[in-house]
1. List the helices (runs of 4 or more DSSP H) inside region 1-68, counting only whole elements, that have at least 3 residues being within 27 Å of V208 (Cβ to Cβ) and at pLDDT 90 or above.
2. Considering only region 22-30, I want to know if a residue exists there that is basic (K, R) and within 20 Å of the chain's Cα centre (by Cα).
3. Go through (1) under 18 Å from I154 (Cβ atoms); (2) open to solvent by less than 10 Å² (accessible area, probe 1.4 Å) and name the single condition S117 misses.
4. What do you reckon, is P151 open to solvent by 50 Å² or more (accessible area, probe 1.4 Å) and either of a type outside the set (A, V, I, L, M, F, W, C) or out of contact with any strand residue (DSSP E or B) (no Cβ under 9 Å at 6 or more places or on another chain) (or both)?
5. Can you confirm whether region 112-119 contains a residue that is within 22 Å of F38 (Cα to Cα) and touching a Lys or Arg at 6+ places or on another chain (Cβ under 7 Å)?
6. With within 22 Å of S213 (Cβ to Cβ) and either without any contact (Cβ under 8 Å) to a residue 12 or more places away in the chain or open to solvent by less than 70 Å² (accessible area, probe 1.4 Å) (or both) as the only criterion, which of I197, I167, I182 stands out?
7. In the list V93, V115, V77, V72, which residue meets the criterion of being modelled with pLDDT of 90 or more, in contact with a helix residue (DSSP H, G or I) (Cβ under 6 Å, 6 or more places away or on another chain) and of a type outside the set (G, A, S)?
8. Specify which of the listed residues (L9, L18, L30) is surrounded by fewer than 19 Cβ atoms within 10 Å (Cβ to Cβ), in contact with a helix residue (DSSP H, G or I) (Cβ under 6 Å, 6 or more places away or on another chain) and of a type in the set (A, V, I, L, M).
Amino acid sequence: MQDLGLRVLFLGNNFARLMEGLGVTLKISLISILLSIFFGIILGIIMTRKNKIIRFITKFYLEFVRIMPQLVLLFIVYFGFTRSFGINLSGEVSAIIVFTVWGTAEMGDLVRGAVISIPNHQRESAEALGLSKSSIYRYIIVPQTLQRLIPLAINLATRMIKTTSIIVLIGVVEVMKVAQQIIEANRYTAPDAALWIYGAIFFIYFLVCWPISRFAKYLERRWN
């Protein structure tokens, strides 16, 4: 019986369908990550401002996103907006919106932390040497910020890839949804197929995320 469950994974085009589902997962993740990096850098720079109103708004946004579960945000966007405002959003677009909102908040906080971690005396020394503000940012602030930020941003990317598994709950045909379809189609002939299908997905996620995580740790060690 267990052997039959394993064979279900490679029966017909089941494995190819899993890879297609993985492609959808990675597409949503990649778009969300790129948008999060872009908007997160802007947000992080804004968060370093000393204006009390700006700091309150950005802090409220950050805390709101952190407190609210991503699944609830996903349901609000996919089910709430479509019915309340008559907006036709696909599951993939809804997922990209939610993960971008979440990733932007997290990325913005990482950028803010990286910028303020640079000692003030470096800015003061640069100003004393006659460097302009643009030169200070170009040669002192930005290089050190990137050095601190890149490993953290890569770890955030792996978290976003793993968290995309929740979009199965709004019907997006990604790797988890395909797995459910395969298991349902073979539940009578191979009742233990779930073990092998979900086990395969475990290793797929591991093979995708582990090299990224190791690369982040490598950069962190090297720069430290």
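The values are calculated or read from the model by the stated rules, or taken from the named source; none is laboratory data. Just so it is clear, the model here is predicted, and its values are computed rather than measured. Virtual Cβ from ideal backbone geometry, glycine too; neighbours counted across all protein chains shown. What goes into the accessible areas is simple: the full protein's heavy atoms, side chains included, and nothing from ligands, DNA or RNA. Shrake-Rupley method; radii C 1.70, N 1.55, O 1.52, S 1.80 Å.
1. 14-47
2. Taking region 22-30 and keeping what is basic (K, R), we get 27.
Still in the list and also within 20 Å of the chain's Cα centre (by Cα): 27.
Scanning region 22-30 turns up at least one residue that is basic (K, R) and within 20 Å of the chain's Cα centre (by Cα).
3. That leaves (2) as the condition not met.
4. Spelling it out, it is not the case that P151 is open to solvent by 50 Å² or more (accessible area, probe 1.4 Å) and either of a type outside the set (A, V, I, L, M, F, W, C) or out of contact with any strand residue (DSSP E or B) (no Cβ under 9 Å at 6 or more places or on another chain) (or both).
5. yes
6. Numbers: I197 fails: within 22 Å of S213 (Cβ to Cβ); I182 fails: within 22 Å of S213 (Cβ to Cβ).
Step by step, each of I197, I167, I182 is checked, and only I167 is within 22 Å of S213 (Cβ to Cβ) and either without any contact (Cβ under 8 Å) to a residue 12 or more places away in the chain or open to solvent by less than 70 Å² (accessible area, probe 1.4 Å) (or both).
7. Being modelled with pLDDT of 90 or more, in contact with a helix residue (DSSP H, G or I) (Cβ under 6 Å, 6 or more places away or on another chain) and of a type outside the set (G, A, S) holds for just one of V93, V115, V77, V72, which is V77.
8. When all the criteria are applied, what remains is L9.
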